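*Asks:* Please read through the structure below; I'll follow up with questions.
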Amino acid sequence: MIGSVRIELATVDSTNKHAADLLRLTEVQHGTVILAHEQTQGRGQRDRSWHSEPGLDLTFSVVLRPAGLAAGHQFVLAQFAALAVRDALLRSGLQDVQVKWPNDVLVGPRKVAGILIQNELQGGLVRHAVVGIGLNVNSSGAVEGALATSVRLELGRPADREALLCLLLDRLELRWRQAQGHRPGLEADYREALWGRGRWLTMELDGALVEARPLEVDGDGRLLVELAGGGVAPFGLDRLRFGPR
Ligand code: BTN
């Protein structure tokens, strides 16, 4: 089960990197959680860094060994993780929690959690995955230039980090089972949680700003959008990004 093995570190460069190092050295059990109270070189998506406040936020990685998950279906990992984080936040009393494609978790317009998934592929399958989750819990979540928030700011009082972690691990386990057995449910929930769905937004397509309306995500994890210029088409992160807000 996710979280039955927990490795807790006072400080580490990055829990995702630590997980990858362990996977190179030894057989890491499915569901192992590597948690750090401080990350000195937290990694974010697109080679960015991830900043969290030592002892105040949650930074951890989960090692998964999916049975027979085809590389072409790996987006299910993003769906499972983002929905589990959303579930835990809703159950903690936060409202208006949505998933910004592919896997940022927002409260209203502000980012409260980021997810970095690193997969190792072998023979067309995902051999193992490292799902890194950074959740702003009791910090201000502030990163220069970014629209961010934290659980404390949203609730108006400090949150119990350990209780939140336990809730999150439970939801990860539940969503993981759903991902393995009942994908349509997971996909429908992801669509339902999709930030900006049905709204005209300024997006960046091949480097140019366009008006587009997110509709849903296809099986390959591409965002299906309606373009103001006409037409509906799916795009991957290589071509489409959310533009400046
Ligand atoms: C993002 O850019 O939104 C993804 C941020 C992911 C941060 C988490 S914190 C735990 C894990 N270890 C890392 O170095 N990154 C992820």
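*Asks:* Which members of the stretch 105-118 meet the condition of being farther than 15 Å from Gly42 by Cβ, out of contact with any Phe, Trp or Tyr (no Cβ under 8 Å at 6 or more places or on another chain) and of a type outside the set (Val, Ile, Thr)?
*Replies:* Gly108, Pro109, Arg110 - these are the residues of the stretch 105-118 that are farther than 15 Å from Gly42 by Cβ, out of contact with any Phe, Trp or Tyr (no Cβ under 8 Å at 6 or more places or on another chain) and of a type outside the set (Val, Ile, Thr).
*Asks:* Going by the structure shown, is Gln45 out of contact with any Ser or Thr (no Cβ under 8 Å at 6 or more places or on another chain), within 23 Å of Asn103 (Cα to Cα) and near the ligand (Cβ under 8 Å from one of its atoms)?
*Replies:* For Gln45, the condition - out of contact with any Ser or Thr (no Cβ under 8 Å at 6 or more places or on another chain), within 23 Å of Asn103 (Cα to Cα) and near the ligand (Cβ under 8 Å from one of its atoms) - is met.
*Asks:* What tally of residues in the stretch 1-42 results from selecting those that are in a loop (DSSP other than H, G, I, E, B) and away from the ligand (no atom under 13 Å from the Cβ)?
*Replies:* Within the stretch 1-42, the subset in a loop (DSSP other than H, G, I, E, B) is 1-5, 10-11, 13-14, 26-32, 37-38, 40-42.
This time we only want the ones that are away from the ligand (no atom under 13 Å from the Cβ), so: 1-5, 10, 26-32.
Within the stretch 1-42, residues that are in a loop (DSSP other than H, G, I, E, B) and away from the ligand (no atom under 13 Å from the Cβ) number 13.
*Asks:* I've got another one for you. Is it the case that Leu174 is open to solvent by 20 Å² or more (accessible area, probe 1.4 Å), more than 17 Å from Gly108 (Cα to Cα), aliphatic (A, V, I, L, M) and at pLDDT 95 or above? Steps first, please.
*Replies:* Details: open to solvent by 20 Å² or more (accessible area, probe 1.4 Å): yes; more than 17 Å from Gly108 (Cα to Cα): yes; aliphatic (A, V, I, L, M): yes; at pLDDT 95 or above: yes.
Taking the combined requirement at face value, the residue satisfies it.
*Asks:* Among the residues of the stretch 80-103, write down those that are of a type outside the set (D, E, K, R), in a helix (DSSP H, G or I) and open to solvent by 10 Å² or more (accessible area, probe 1.4 Å).
*Replies:* Within the stretch 80-103, just Leu90 meets the criteria.
*Asks:* Another question, if that's okay. Pull up the stretch 56-73, narrow it to residues that are outside any strand (DSSP E or B) and closer than 30 Å to Pro158 by Cα, then point me to the one that is least open to solvent (accessible area, probe 1.4 Å). Don't jump to the end; show me each part of the working.
*Replies:* First, pick out the residues of the stretch 56-73 that are outside any strand (DSSP E or B): 56-57, 65-69, 71-73.
Next, from what is left, pick out any that are closer than 30 Å to Pro158 by Cα: 56-57.
On the way: Leu56: 67, Asp57: 5 Å².
Selected residue: Asp57.
A quick yes/no check of all residues on (1) farther than 23 Å from Gly236 by Cα; (2) assigned to a helix (DSSP H, G or I); (3) within 18 Å of the chain's Cα centre (by Cα):
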| position | (1), (2), (3) |
| --- | --- |
| Val76 | no, yes, yes |
| Arg152 | yes, yes, no |
| Glu162 | yes, yes, no |
| Leu167 | yes, yes, yes |
| Arg171 | yes, yes, yes |
| Arg177 | yes, yes, yes |
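*Asks:* Could I ask something else about it? Could you look through the stretch 58-73, keep only residues that are touching an Asp or Glu at 6+ places or on another chain (Cβ under 9 Å) and away from the ligand (no atom under 16 Å from the Cβ), and pick out the one that is farthest from Val33 (Cα to Cα)?
*Replies:* Here the answer is Gly72.
The values are calculated or read from the model by the stated rules, or taken from the named source; none is laboratory data. Here the structure is a predicted model, which means the values were calculated and not measured. No Cβ is skipped: glycine too gets one built from the backbone with ideal geometry, and neighbour counts run over all protein chains shown. With ligands, DNA and RNA removed, areas are computed over all heavy atoms of the protein, side chains included. Shrake-Rupley method; radii C 1.70, N 1.55, O 1.52, S 1.80 Å.
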